[in-house]
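Here is the structure we will look at.
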Amino acid sequence: MKLFVFAAVLAVAAAAPSDSAYEEDVIEILRQNIDHNDDHSYQQSFETENGISVSEFGQTEDDDSYSVSGQFSYVAPDGVTYTVVYSAGEGGFQPRYN
């Protein structure tokens, strides 16, 4: 019984918030769109305040798979914006870096 109580106290202590100086940044989503169509295709996109943007379009190839194309961009710590344009389907994930 003492072991159980000790374990419970230890678990509560581990789950308690810490007083460390680290604070998580909360990044606002500026825009988000999601469309699901009757033919099982979809389009989705979002953009965040820290420069991340994503857009994707997908459609069914057959009963078991999708063909997807899209892109994502982000601003690296050095201030450069990197963009990856991709497609994915029967041939796998095919990225192109811009």
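Odds and ends about this structure:
- Mean Cβ count within 10 Å, highest first, over the residues of peptides 25-37, 45-57, 62-74: 45-57, 62-74, 25-37
- For segment 60-73, backbone phi angles converted through the Karplus equation (6.51, -1.76, 1.60; θ = phi - 60°) give residue-by-residue couplings of 6, 8, 7, 5, 10, 8, 10, 10, 10, 9, x, 7, 9, 9 Hz, Gly and Pro being listed as x.
- Annotation for residue 39 and residue 26: the two label points, set 7 Å from Cα along the Cα-Cβ direction, are 4.1 nm apart.
- Available extension along the chain between residue 49 and residue 68 is 4.3 nm, counting 0.36 nm per residue and deducting the alpha carbon span.
Read the figures in this text as sums done on the coordinates, not as results from a lab. As the structure is a prediction and not an experimental result, all values here were calculated from the model. Glycine gets a Cβ as well: all are built from the backbone with ideal geometry, and neighbour counts include every protein chain shown.
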